[in-house]
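Taking it in order: structure first as structure tokens, then the write-up.
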Amino acid sequence: MKITTVRRINQLFFFTLFVWFCIVATVGEKFWQIRNWPVNWILQLDPLVALGTIVSTRKFYGPLHCAIGVVILTIIFGRFFCGWICPFGAIHQFVGYLGNRGKKVAEKIYLNKYRKVQSIKYLILVFFLGMAAFPSLAGTLQTGLLDPIPLVTRSFQLVLLPIFDRGTYLTSVNARYYEFGWLIFAVFATAVLLNLVIPRFYCRFICPLGAFLGIISRFSIWRIGKTRSACINCKMCEKACEGGCEPSGNIKIAECVLCFNCRDDCKHDLITYQTVPSLAGETQVDVSRRGVVLSFVSGVLAAPAIRLSGKVASNWYTGVVRPPGALAEPEFLKRCLKCGQCMRVCPTNVIQPAGLEGGLEGLWTPILNNRIGSSGCQLNCVACGQVCPTSAIRPITLDEKRGLGEFVSAGPIKLGTAFVDQGRCLPWSMDKPCIVCQENCPVSPKAIFTKDVFTTARDGVVSIKQVTGSTIEIDRGIPADKFSTGDYYVLFEDGSRCKISSNTATSVGISEGKIPAAAVGKIEIQVRLQRPCVDIEKCIGCGVCEHECPVSGKKAIRVTAEGETRSTDRRLLL
Amino acid sequence: MHLYSGRARTIESVVGVLILLIMIATAVGIYIISQDYNMARFGIASQEESQGDFTSVGKAETYNNDNLYEKIDGKAPMYQEAGFIKLDTQRFAAKSNSELGFEIYIYDMNNAKNAFSVYSRQKRADATDLGGLGAPASPDSLVSRGGSAFGYVAGNAICLSLGKNYVEMIGSAESNELVDGMKGIAKDLSAKFKPTEKDKIAELGYFPVVDTVAGSWKLQIDNAFGFDGLTDAYSALYKSGDKTVSIFFSKRRNADEAKTVAKNYYDFLITNGAKAISVDSEILKSAGASVVDFYGSFEMVFSTGIFVGGVHEANDKQAAEKAAEVLIGRLKEIND
Amino acid sequence: MTEPNWRNIARRQLLIRGAKAAASIAATVGVARWLYDPKGPGAKKEEAGFSGTFAKGLPDFSVPRKDGQVLSIVKGEDRAKTVNKAIELLGGIERFISPGDVVVIKPNVGFATPPILGATTHPDVITAVVKLCYAKKANRVIVTDNSINDPASCFTISGISKAASAAGAQVVMPKDSYFSPLTLEGGSLIKDWPVYCAPFAKANKLIGIAPLKNHHRSAGSMTMKNWYGLLGGRRNVFHQDINNIIAELAMLVKPTLVILDGTVTMMTNGPTGGSVSDLKKTNTMIASCDMVAADAFGSTLLNLKPADLPYLSIAEKAGVGTVDYESLKPLRAEVT
């Protein structure tokens, strides 16, 4: 069996596994739903996820331990992850193959030749690590922007599967929405289409993970190389070279992704996977020291430069409401990969990839948008923290979220606080009964209570002409039937009130209450309003009220992050 | 030397097969992992939980002091006054017939006395005591073993006092099949909430050994018989000849306090319209017992050692006095 | 290249590569184990929120109590004279300052207003107290506050910067790094809250000097409210419970001495005032080892009773001091 065949089977296997993990990342216990599928496994295998969080937090988060295995195998064998496992790599390889079909051999050899600018990816890696390296300046983990595993996870979870689902509704009941999904798609599509320019463009020029694996393959025991110097220099070995590592000449070990195509394509059996350096010579990471230093320093400075916006300090944007269990903002930004797992698993679709609300560094991090999705954050759900691969959203239990059991004294986790916009609220400013928010508040006792008031309707002051039984005839025309909804009352001059059961243009009928014996003079037609108020001690910021508010454009009750549990500086109450 | 020799090809094939085997093992491993799941991890409890012949319906709910009234409305204060901590409820339906089911209420009452108090005070008149819970059948064994697990069946309901938990299972219908199923679950629960040594209520054994009606014990934590000075009052029915009277006692910290409580209770009765009448029994006279006529029924109160004791709402004075004599004797025994 | 040569190279290369790879793997595993964090971040806020270290509390700066020398009240217009007299009555500056002491003076420098408006501590008092400290060979005197308005403007416009520097004191402006999260034992409000700690770290004496002001929320801003300046973060949330926070601050801070300057009292529109017509000449200087007593007396200058300032009784209950200042037999004098 040819090793290249085994490799392709392996790639197909891991790609399928990856897609499967994406599909099953929905809450439910059918076999195609999350149950205990290790949906984060490929993210956990990603050594750059481990490295990035180690650099930013100075800690190695336990569930990422699988990455150690990948690192060890890379040290022994070289960049096998890129050529054998990486699902993004598999996509590039396949698209590159499609793009190269029908091209002349010489052209293929030209496309796959080693280019000096492939070293850019090392600079990207170093730049990102620089951004994360100094928490005292403003450590922020941005590897996830270009790390292929978070990138491809995000692209599948937030763009490709939702697009696919639009027509089929196979993996979700309702259409999913992801604000800024278009930008995620644009990055993904660009990366894929670049394969038509140069195969595996992303892997060769951009991929910071590939760069990291290239660096640690420096001491690999087995490497691709030539066994004899006698070679006619036909360059057939570079015809299908995936890494662009120049096996025909001085091979660039750090670029080799162990595709073994060179070994297959050499008609003279000159290339092997061996324990000695290539007889044609080999080069380790080919990057200038000056470039590395410059990139690192740029990264170190870029992080505080982004923080100048004050978005992580007093200028925080009110809409940055994070999922339950999210760490305080500076810690959160040290861990979030922007992988999109939480956004996809969220049963209500309320978790969204942020734009620039949380600052440049908060791009694609999870925030709650209560106008999107089927409801706000559900009282009995902690799925987002359970799938977060780096514990940027801690894996909390339901007891912790709701403040039950051992968390009674800590109280429930608050995501923020709902504020009533009295200028937009129907009962507050339009004299229309509503209280949908109060009805839907899931907190017990309800965090929304009402202040009951009677207020006189517009043009509601009329004079009594005659009282017959329970009907009052009035002197002036009023809109027929308008006041028969059960919310309207008649206020008599003596201060007593009766409920209106019906009305014509010139009369009102009374159901509840007694018409005063000597009812004369003017009456006021009043509406009984229940005006919602938020009890800030009870409100957990779940956003169900905001979602349900019928003022659908800009909601009349909105959750903002004041009072969130995760930070003390946004505290609202004592 | 030709490296792509037959040997090289064999190695290539072996390595290839090994890699594919690892791959298959990975797939199998992942599948096995995926099978062992607990949806509670995501905050969503498994949709169905099996309990014998029943499966759970809907979500389990928990209530605390703030929202207990939402579940049981006006009954909430009774539990809260008796030390209520939390209530867990869950509905179950029979596997054979989904129409048939019950709802279980598990009240965490903080300690066994609180649990027994709400249990005994709500005990239905038509109750049949449940055996097999480890509840002692006779007062004798109560003194040595103490009581800690109690239960009864009444119509469609089973109620249990298990350590600090008071449990109610309310069936949807009065059916033997259902009650039998619920009994099975009651047994499971008594094993699950196995009472500990400190859950034992030894006082239940202080009633007269003979003629106390087993299972008629009641505990009123406070405000017993409407008098707020009488706390931790145990009462039970006693067969006095062919009559049954209710006898009670309360253990105080010392003899002086017992005397004061007895006196205060007597004054309380008089203030509320009771008329003092003479005591016939010499034993009771010497014990300083008082008898009053309270609108046609007889109340008796005395103190002996650290105990306040008496008879409550007796219809027959003779029977009441006889019961009181026996109770005094028994309490004296305990005092010693 | 000849064949045997190639074989030797192969063997040597393999050894070298193997050693390097083994070392790299060992290093990787070592680093991973060293930084291993199986559980991830916890729920605690100090871990996730503040980066500062967790401080137990502020040191106790107080000197031993002497009955009959707790509170002094001196009448007079000249602040330098009255404050000197007031301290003399309590036993003289030597009771409070020993040679080599590092003294922190905490005036009220909350606002960027000139001394004439009485919203900030008057510079004359600062001058007098700094001079007294240096007269007793204090090593260093630090004047600091965490102002509400921009600190530099506050210290300059209030005249405190100039007065303190002229007398030889060091003026310290607040910086973010000077705050550490702190929890008051027995408190309910000061929990993990950033408190202005750093300037006190190396000091061993603390003198609070406050102007006497009306306060919109707490009725009076005097020696106890002066400690509000130690709170960092978004401290204005505490205005929701102003009386308890003032009392908790008084529990947190144990000063050597407090001085309440009632030469001029802000009777209305406190705590900012803004017009001289808000002020009234009351010609009184108070020095005290008991903040509660000082403020209780101060309330009378505001035409209030101590009972009008709820924080006084809260603080008294917490053991901070005595509301009934007359019981301390205040020492009175008048200077002209």
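Take segment C:249-270 and flag every residue that is buried (at least 22 other Cβ atoms within 10 Å of the Cβ) and out of contact with any helix residue (DSSP H, G or I) (no Cβ under 8 Å at 6 or more places or on another chain).
Within segment C:249-270, just C:Val264 meets the criteria.
Here is a yes/no grid of residues against (1) facing another protein chain (nearest Cβ under 8 Å); (2) in a loop (DSSP other than H, G, I, E, B); (3) out of contact with any Gly (no Cβ under 6 Å at 6 or more places or on another chain); (4) crowded, with 20+ Cβ neighbours inside 10 Å:
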{"site": "A:Asn10", "(1), (2), (3), (4)": "yes, no, yes, yes"}
{"site": "A:Phe15", "(1), (2), (3), (4)": "no, no, yes, yes"}
{"site": "A:Val19", "(1), (2), (3), (4)": "no, no, yes, no"}
{"site": "A:Asn36", "(1), (2), (3), (4)": "yes, yes, yes, no"}
{"site": "A:Leu43", "(1), (2), (3), (4)": "no, no, yes, yes"}
{"site": "A:Val55", "(1), (2), (3), (4)": "no, no, yes, yes"}
{"site": "A:Ala67", "(1), (2), (3), (4)": "no, no, yes, yes"}
{"site": "A:Ile75", "(1), (2), (3), (4)": "yes, no, yes, yes"}
{"site": "A:Phe81", "(1), (2), (3), (4)": "no, no, yes, yes"}
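Output the qualifying pairs, or none if there are none: Cβ atoms under 9 angstrom, residues six or more apart or on different chains, first residue in segment A:272-285 and under 8 Å from A:Lys226 (Cα atoms) and facing another protein chain (nearest Cβ under 7 Å), second residue open to solvent by 20 Å² or more (accessible area, probe 1.4 Å) and of a type in the set (Gly, Ala, Ser).
As it stands, the answer is A:Thr272/B:Ala8, since those pairs meet every condition given.
Taking the condition of being crowded, with 24+ Cβ neighbours inside 10 Å and of a type outside the set (S, T, N, Q), how many residues in segment C:105-121 meet it? Spell out the reasoning first.
Let us first name the residues in segment C:105-121 that are crowded, with 24+ Cβ neighbours inside 10 Å, namely C:105-110, C:118-121.
Retained after the next criterion (residues that are of a type outside the set (S, T, N, Q)): C:105-107, C:109-110, C:118-119.
Residues in segment C:105-121 being crowded, with 24+ Cβ neighbours inside 10 Å and of a type outside the set (S, T, N, Q): 7 in total.
For segment A:305-336, give me each residue that is more than 14 Å from chain C (Cβ to nearest Cβ), touching a residue at least 24 places away in the same chain (Cβ under 8 Å) and open to solvent by 30 Å² or more (accessible area, probe 1.4 Å).
A:Ile306, A:Ser309, A:Lys311, A:Tyr317, A:Thr318
Tell me which of these A:Val49 doesn't satisfy, since it passes every other one: (1) within 11 Å of another protein chain (Cβ to nearest Cβ); (2) under 19 Å from the mean Cα position of the chain (by Cα).
With respect to (1) within 11 Å of another protein chain (Cβ to nearest Cβ); (2) under 19 Å from the mean Cα position of the chain (by Cα), A:Val49 is out only on (1).
Only one of (1) closer than 28 Å to A:Lys311 by Cα; (2) surrounded by 24 or more Cβ atoms within 10 Å (Cβ to Cβ) fails for A:Phe180. Which number is that?
For A:Phe180, the exception is condition (2).
Would it be correct to say that C:Leu58 is more than 14 Å from chain A (Cβ to nearest Cβ), buried (at least 18 other Cβ atoms within 10 Å of the Cβ), in contact with a Leu (Cβ under 8 Å, 6 or more places away or on another chain) and at pLDDT 90 or above? Write out each step before concluding.
Working: more than 14 Å from chain A (Cβ to nearest Cβ): yes; buried (at least 18 other Cβ atoms within 10 Å of the Cβ): yes; in contact with a Leu (Cβ under 8 Å, 6 or more places away or on another chain): yes; at pLDDT 90 or above: no.
The answer is no for C:Leu58.
On the given criteria, is C:Asn236 in contact with a strand residue (DSSP E or B) (Cβ under 8 Å, 6 or more places away or on another chain), part of a helix (DSSP H, G or I), of a type in the set (S, T, N, Q) and within 19 Å of C:Asp145 (Cα to Cα)?
Values: in contact with a strand residue (DSSP E or B) (Cβ under 8 Å, 6 or more places away or on another chain): no; part of a helix (DSSP H, G or I): yes; of a type in the set (S, T, N, Q): yes; within 19 Å of C:Asp145 (Cα to Cα): yes.
Considered against the rule, which asks whether it is in contact with a strand residue (DSSP E or B) (Cβ under 8 Å, 6 or more places away or on another chain), part of a helix (DSSP H, G or I), of a type in the set (S, T, N, Q) and within 19 Å of C:Asp145 (Cα to Cα), C:Asn236 comes out as no.
Mind telling me which of the residues B:Phe54, B:Phe42, B:Phe84 ends up being touching a Cys at 6+ places or on another chain (Cβ under 9 Å) and either modelled with pLDDT of 75 or more or more than 10 Å from chain A (Cβ to nearest Cβ) (or both)?
Working: B:Phe54 fails: touching a Cys at 6+ places or on another chain (Cβ under 9 Å); B:Phe84 fails: touching a Cys at 6+ places or on another chain (Cβ under 9 Å).
Selected residue: B:Phe42, the only one of B:Phe54, B:Phe42, B:Phe84 that is touching a Cys at 6+ places or on another chain (Cβ under 9 Å) and either modelled with pLDDT of 75 or more or more than 10 Å from chain A (Cβ to nearest Cβ) (or both).
I'd like to verify a number: residues in segment B:76-107 that are open to solvent by less than 20 Å² (accessible area, probe 1.4 Å) and under 15 Å from the mean Cα position of the chain (by Cα), how many?
Going through segment B:76-107 one residue at a time, the tally reaches 6.
State whether the residues of segment C:19-41 include one that is open to solvent by less than 70 Å² (accessible area, probe 1.4 Å), facing another protein chain (nearest Cβ under 9 Å), within 30 Å of C:Val103 (Cβ to Cβ) and at pLDDT below 90.
No, there is no match, as no residue in segment C:19-41 is open to solvent by less than 70 Å² (accessible area, probe 1.4 Å), facing another protein chain (nearest Cβ under 9 Å), within 30 Å of C:Val103 (Cβ to Cβ) and at pLDDT below 90.
Which of the numbered conditions does A:Gln466 fail, given that it passes all the others? Conditions: (1) in contact with a helix residue (DSSP H, G or I) (Cβ under 8 Å, 6 or more places away or on another chain); (2) assigned to a strand (DSSP E or B); (3) surrounded by fewer than 15 Cβ atoms within 10 Å (Cβ to Cβ).
(1)
Quick check on segment C:305-336: of everything there that is in a helix (DSSP H, G or I) and more than 13 Å from C:Asp290 (Cα to Cα), which residue is least open to solvent (accessible area, probe 1.4 Å)?
The initial filter retains those residues of segment C:305-336 that are in a helix (DSSP H, G or I), namely C:306-308, C:310-317, C:325-328.
Next, only the ones that are more than 13 Å from C:Asp290 (Cα to Cα) stay: C:306-308, C:310-311, C:313-314, C:317.
Details: C:Pro306: 36, C:Ala307: 88, C:Asp308: 64, C:Pro310: 56, C:Tyr311: 0, C:Ser313: 54, C:Ile314: 55, C:Lys317: 178 Å².
Of everything passing the filter in segment C:305-336, C:Tyr311 is least open to solvent (accessible area, probe 1.4 Å).
State the number of residues belonging to segment A:196-223 that are away from chain C (no Cβ under 14 Å) and not in a helix (DSSP H, G or I).
5
Filter segment A:21-34 down to the residues that are in a helix (DSSP H, G or I) and open to solvent by less than 40 Å² (accessible area, probe 1.4 Å) and list them by number. Reasoning before the result, please.
Initially, segment A:21-34 is screened for residues in a helix (DSSP H, G or I), giving A:21-24.
Correct list: A:Phe21, A:Cys22, A:Val24.
Tell me, which residue of segment C:194-223 that is polar (S, T, N, Q) and in contact with a helix residue (DSSP H, G or I) (Cβ under 6 Å, 6 or more places away or on another chain) is modelled with the highest pLDDT? Step through it out loud before you land on a result.
Going through segment C:194-223, the residues polar (S, T, N, Q) turn out to be C:204, C:214, C:218, C:221, C:223.
From what's left, in contact with a helix residue (DSSP H, G or I) (Cβ under 6 Å, 6 or more places away or on another chain): C:218, C:223.
Numbers: C:Ser218: 78, C:Thr223: 92.
That would be C:Thr223.
Among the residues of segment A:504-518, how many are farther than 27 Å from A:Ile435 by Cα and crowded, with 18+ Cβ neighbours inside 10 Å?
1
Anything in segment B:306-336 that is small (Gly, Ala, Ser) and in contact with a strand residue (DSSP E or B) (Cβ under 7 Å, 6 or more places away or on another chain)? List them, or say none.
Taking segment B:306-336 as the starting set, the residues that turn out to be small (Gly, Ala, Ser) are B:309-310, B:314, B:319-320, B:323-324, B:329.
Listed by number, the residues that qualify are B:Gly309, B:Gly310, B:Ala314, B:Ala319, B:Ala320, B:Ala323, B:Ala324.
Is there a residue in segment B:96-110 that is closer than 27 Å to B:Tyr206 by Cβ, in a helix (DSSP H, G or I), touching a Leu at 6+ places or on another chain (Cβ under 9 Å) and hydroxyl-bearing (Ser, Thr, Tyr)?
No, because not a single residue in segment B:96-110 is closer than 27 Å to B:Tyr206 by Cβ, in a helix (DSSP H, G or I), touching a Leu at 6+ places or on another chain (Cβ under 9 Å) and hydroxyl-bearing (Ser, Thr, Tyr).
What number of residues within segment A:262-298 are open to solvent by less than 30 Å² (accessible area, probe 1.4 Å) and either among the aromatic types (Phe, Trp, Tyr) or in contact with an Asp or Glu (Cβ under 9 Å, 6 or more places away or on another chain) (or both)?
Here the count works out to 3.
Out of segment A:83-104, which residues are assigned to a helix (DSSP H, G or I), open to solvent by less than 60 Å² (accessible area, probe 1.4 Å) and of a type outside the set (S, T, N, Q)?
Here is the first cut: in segment A:83-104, the residues assigned to a helix (DSSP H, G or I) are A:83-85, A:87-100.
After this cut, where a residue has to be open to solvent by less than 60 Å² (accessible area, probe 1.4 Å) as well, the list is A:83-85, A:87-93, A:95-96, A:99-100.
Hits for segment A:83-104 are A:Gly83, A:Trp84, A:Ile85, A:Pro87, A:Phe88, A:Gly89, A:Ala90, A:Ile91, A:His92, A:Val95, A:Gly96, A:Gly99.
Residues checked against (1) in contact with a helix residue (DSSP H, G or I) (Cβ under 7 Å, 6 or more places away or on another chain); (2) within 14 Å of another protein chain (Cβ to nearest Cβ); (3) within 28 Å of C:Leu132 (Cα to Cα):
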| residue | (1), (2), (3) |
| --- | --- |
| C:Lys225 | yes, no, yes |
| C:His239 | no, yes, no |
| C:Ala247 | yes, yes, no |
| C:Gly273 | yes, no, no |
| C:Ala293 | yes, no, yes |
| C:Phe297 | yes, no, yes |
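Go through the residues of segment A:377-384 one by one and say whether even a single one is of a type in the set (A, V, I, L, M), within 14 Å of another protein chain (Cβ to nearest Cβ) and not in a helix (DSSP H, G or I).
Residues of segment A:377-384 that are of a type in the set (A, V, I, L, M), as a first pass: A:379, A:382-383.
Filter again for within 14 Å of another protein chain (Cβ to nearest Cβ), leaving A:379, A:382-383.
Filter again for not in a helix (DSSP H, G or I), leaving A:379, A:382.
Scanning segment A:377-384, I find at least one residue that is of a type in the set (A, V, I, L, M), within 14 Å of another protein chain (Cβ to nearest Cβ) and not in a helix (DSSP H, G or I), so the answer is yes.
Within segment B:300-312, restricting attention to residues that are in contact (Cβ under 8 Å) with a residue 40 or more places away in the chain and open to solvent by less than 10 Å² (accessible area, probe 1.4 Å), which residue is farthest from B:Lys275 (Cα to Cα)?
Let us first name the residues in segment B:300-312 that are in contact (Cβ under 8 Å) with a residue 40 or more places away in the chain, namely B:302-312.
If we keep only those that are open to solvent by less than 10 Å² (accessible area, probe 1.4 Å) too, we end up with B:302, B:307-311.
Working: B:Phe302: 16, B:Phe307: 24, B:Val308: 20, B:Gly309: 19, B:Gly310: 16, B:Val311: 15 Å.
Checked segment B:300-312; the qualifying residue farthest from B:Lys275 (Cα to Cα) is B:Phe307.
The values are calculated or read from the model by the stated rules, or taken from the named source; none is laboratory data. This is a predicted model, so every value here is computed, not measured. With ideal geometry, Cβ positions are generated from the backbone for all residues, glycine too; neighbour counts draw on all protein chains shown. Heavy atoms of the whole protein, side chains included, go into the accessibility calculation; ligands, DNA and RNA do not. Shrake-Rupley method; radii C 1.70, N 1.55, O 1.52, S 1.80 Å.
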